[in-house]
Every structure is written in C-alpha cells, then in structure tokens.
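Taking it in order: structure first as structure tokens, then the write-up.
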Amino acid sequence: MRLLTIGAFARAAGLTAKALRVYDDCGLLPPAAVDPHSGYRYYAPEQLDRARLIAALRRAGMPLAEIRAVSALPSPAAAEALDAWWRRVSADTEARGRAVALLVDQLTERGTTMSEHTFRYAARCETGTVRDSNEDVAYASDTLLAVADGVRGPGGSTASAAAVDALRPLAAADASAGDLLAALGDAVSRADRAVRAQATAADRPASTLTAIVRRGTRLALVHVGDTRAYLLRGGELSRLTQDHTYVQTLVDQGRLTPAEAGAHPQRALLARALGAGGEVEADLALRTALPGDRYLLCSDGLAAVVDPGALHAALAGADDPETAVGHLVELAYAAGAPDNIACVVADLVTT
C-alpha cells in the first residue's frame with residue numbers, strides 16, 4: 001500500500017501537519033502507519049476524504065466531540081446530523097443575538113442623556129435617460145428607509161412597490177430594539193410573498209430590496225440583491241451591503257477582480273432576489289447609529305455608474321440630505337444615467 005508522508009498528506013488535504021497531529025491525538029484521524037524509530041506519521045490516500053470532511057466541519061465550528069460522531073456516520077446520516085447541529089447553533093445564535101441587542105440598549109440608555117433622535121432625509125427616484133419605464137422605488141420616513149429595484153419587465157415596478165409596501169407597517173410598529181431584527185425578518189418573508197403574488201403565467205417579477213428600520217439609535221438592516229447601503233461616519237465612507245450577483249460570486253471565489261467585475265457583461269445578473277428561486281435568503285444585521293451618521297441607500301442605477309470616490313465627495317460635501325441627493329442624481333446623469341436611479345440619504349440627528 002502506497003503511503004503519504006504527513007507533509008504530503010497535509011498538502012493534499014488542504015490542512016497543516018499540526019492539525020493532523022491534533023486529529024491523531026484526539027482519535028479522529030489516526031495515521032495508517034507510524035515509524036517505530038522516528039515516530040513519523042504516514043497516511044493512506046483513502047484517508048483524504050475523511051480528513052477533508054473533518055476539516056470542513058471544524059471550519060463550520062463543530063466541536064471535536066461532535067465531529068467524531070458525525071464523521072463515523074454514512075453520508076446520508078452524517079448530512080442529517082450536520083443539519084440538526086446547525087439548526088441548534090442557529091437557534092442558539094439567534095437567542096444570544098437578542099440578548100446582546102437588549103444588553104446594548106440597556107447600556108446605551110445608562111450612558112446617555114434622555115435625548116431624542118430622528119432621521120432627516122430626502123429621497124429621489126428618476127427614470128434616467130435610456131429607460132422608458134421606472135421599476136425603482138425610493139422611500140424614506142423618520143423610522144424606515146428603503147430602496148427596491150424591480151427586475152425589468154411588465155411586473156417589475158409592481159414587484160418593487162410591493163416589496164417596500166410590505167415593510168411599511170414596521171415604521172409604526174412598537175417592536176423593541178431587541179425584537180427589531182426578528183420583526184424585520186418576518187417582514188422580508190411578507191415582502192417575498194407579496195412579490196410572488198404579482199406573478200402571472202406570462203410574467204414572474206422579482207425585486208431587490210435594501211432597507212433600514214430605526215428604533216432610537218438601533219438600526220435593523222435588510223438586504224437582498226444589488227441595491228446598496230452606505231454609511232458616512234467621521235468622514236469615512238463604508239459600504240454596508242454586498243451585492244448578491246453572479247459576478248460578485250466570481251469575485252468572492254477569486255475568479256474575477258473587482259475591476260473585471262465592473263465591466264463583466266453579466267454584472268447585473270442577480271443571484272438572490274425577492275420573488276425568485278426558492279425561499280428568500282436575506283442578509284440581516286443590527287447596528288448602532290451615532291448622531292452625525294449619514295446613510296445612503298441606492299439602486300445600481302447610481303452605484304454602477306458613479307465611482308465610490310465621487311459618492312464619497314457628494315455625501316461629505318453636502319450640508320443636508322436634500323442637497324446630497326441632488327448631487328448624486330446629477331452624477332448619475334453626468335455618467336449617462338443608463339438605468340433608473342433611486343436613492344435615499346438620511347442623517348441621524350439629536351433633537
């Protein structure tokens with residue numbers, strides 16, 4: 001039987017020799033042979049699949065004791081055990097997230113005066129110079145900011161409007177900051193159902209959605225698709241969302257550079273959207289806002305044609321959200337405005 005040295009086996013499995021020694025010491029992956037004089041470990045090629053499975057389970061965060069049980073099962077049973085474990089982890093993480101959010105709120109309240117916070121906001125939605133219809137929606141209020149972009153077609157504008165309408169009840173809902181993320185997750189499911197309800201035999205519309213719901217200084221962010229959210233804080237502009245597109249997956253896999261992605265002919269092909277595919281998978285995040293923060297939500301009609309440096313300058317150089325929105329729309333038109341343009345700018349201020 002041909003054996004591999006520990007170094008060769010580690011390279012083939014995508015592991016380190018140190019990891020293999022740990023797996024041996026805890027009985028997860030004993031070597032096929034050990035040199036009686038040097039103690040050097042040797043492995044059989046047939047052990048590679050088990051080594052890779054163990055490594056993948058470790059990357060997922062599974063404890064070694066549970067890995068020992070799962071890796072000993074046949075593949076179908078191992079898949080069921082892994083799914084059950086992940087459901088337990090997810091439920092525990094969600095519970096801990098709610099507890100942390102509540103604690104953050106309590107600590108924030110103890111360390112601040114009884115001041116009120118509000119959004120000052122402006123929103124614009126333009127057709128652009130090329131399109132003959134507008135499938136974008138931009139919505140802003142003191143407690144809800146939202147941008148949606150319907151996939152072009154007969155039902156695109158209806159889908160984006162339905163997506164935003166499904167979130168509107170959150171603007172007046174009396175959910176605590178700790179429950180805000182769960183409430184937003186439920187609202188996204190309603191939005192997905194609302195978009196799917198627009199489908200006909202001839203048209204199956206879809207929509208992106210990026211939205212922020214505010215409770216005091218706590219923000220719940222939801223994101224599906226390639227609409228975007230940005231934060232200008234202390235003069236620095238950061239992007240809060242990642243595009244759910246086919247091209248972005250290629251960038252994540254290292255198969256494209258960001259520069260190549262910007263010129264890719266399929267850069268607008270969505271990997272996730274409301275009303276498309278199976279059950280919607282949205283990104284949800286809970287954030288703490290600071291007075292002076294400026295938030296931008298926009299469709300790809302702005303983000304795809306205006307570079308981040310120009311976005312930064314327009315947001316940082318404007319005295320108020322209305323002026324910022326005007327500058328951003330002007331930049332999109334200066335770049336040709338080949339798509340609909342939706343943008344919302346909101347400042348968190350203390351009253």
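The values are calculated or read from the model by the stated rules, or taken from the named source; none is laboratory data. Model, not experiment: these values are computed from the prediction. Backbone-built Cβ (ideal geometry, glycine too); neighbour counts: all protein chains shown.
Scanning for something at pLDDT 90 or above and surrounded by 19 or more Cβ atoms within 10 Å (Cβ to Cβ), does the range 165-182 turn up at least one residue? Yes; the residues of the range 165-182 include at least one that is at pLDDT 90 or above and surrounded by 19 or more Cβ atoms within 10 Å (Cβ to Cβ). When the strands (runs of 3 or more DSSP E) confined to the range 277-351 are screened for residues that are modelled with pLDDT of 95 or more, those reaching at least 1 such residues are found at 294-298, 341-350.
Given the structure, is T245 farther than 21 Å from G97 by Cβ, in contact with an Asp or Glu (Cβ under 6 Å, 6 or more places away or on another chain) and modelled with pLDDT of 75 or more? The answer is yes for T245.
The residue that is surrounded by the fewest Cβ atoms within 10 Å (Cβ to Cβ), among those in the range 124-148 that are under 11 Å from I341 (Cβ atoms) and of a type in the set (G, A, S), is G128.
Scanning the range 179-212 for residues that are aliphatic (A, V, I, L, M) and over 23 Å from T241 (Cβ atoms) yields A197, A199, A201, A202.
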